[in-house]
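Asks: Just passing along the structure, written as structure tokens.
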Amino acid sequence: MKKLLLLLAITLAFAGVSMAQNVLNNKADNIVGTYQGKQGDDLFKAAITKQANGNYQGQIIWLEHDRDANGNKLLDEKNPDKSLRNVPCDQIVIFSDLKYDAKHQRWDDTKIYDPQRGIRANLRVEFTDKGQLKLRGSVMGIGESVYWDKIK
């Protein structure tokens, strides 16, 4: 009987750890979806997906103005990585390997790429009380926040 109770206690302990991990993963995965945002006068949509390593990636998937005056697709011409300058602007990966920080209930520990300026900045992401996604980029203590609305 004692062995049965011990086995039951161990099983429940592992189940509790597994359930806690699932709750944590579900909260972290709240970021996954399609968002609409605006930078300056540029309206865009971005998708945040979960990577195979468990972190998150953000990619531009639509731009309101994605063509130049001649009708050519705009490219990521300001990218400091010259090998990425031919990527269409509606396909730019703006961050990857974004990690969830359960203690602070936010995502961070990566950089965001700003294709309008061609710069990378430290990134911290969290949901506001109104349900918007707040992305805060900073370089040497100087930062800017943008807000995205989840549409899917």
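Asks: In bins 10 Å wide, starting from 0, what share of all Cα pairs of region 53-126 does each bin hold, as a percent?
Replies: 19, 43, 27, 10, 1
Asks: If you don't mind, another one. Quote the Stokes-Einstein diffusion coefficient, in whole µm² s⁻¹, for region 58-100, based on the Kirkwood radius over alpha carbon pairs, a temperature of 20 °C and a viscosity of 1.002 mPa s.
Replies: On the way: Rh = 11.3 Å.
In µm²/s, the coefficient is 190.
Asks: Classify region 97-151 as rounded, prolate or oblate, taking a ≥ b ≥ c as the square roots of the eigenvalues of its Cα gyration tensor: rounded when a/c is under 1.5, otherwise prolate if a/b is larger than b/c and oblate if not. All intermediate terms of the calculation are to be shown ahead of the outcome.
Replies: Working: a/c = 1.87, a/b = 1.32, b/c = 1.42.
Oblate shape, in that a/c is at least 1.5 and b/c is the bigger or equal ratio.
Asks: Continuing with this model, one more query. Please state the relative contact order of region 45-87 as a whole percent: Cα pairs under 8 Å, 6+ residues apart?
Replies: Taking the mean separation of contacting Cα pairs over the length of region 45-87, I get 24 percent.
Asks: Give 82/150; 99/134; 50/82; 50/150 a once-over and call out the pairs whose C-alpha atoms are over 23 Å from each other. Kindly include the intermediate steps, with their values, before the conclusion.
Replies: On the way: 82/150 32 Å; 99/134 15 Å; 50/82 26 Å; 50/150 16 Å.
Cα-Cα > 23 Å for 82/150; 50/82; rest within.
Read-outs: derived from the displayed coordinates by stated rules, not from any lab. Only a predicted model underlies this, so the values are computations on that prediction, with no experimental measurement involved.
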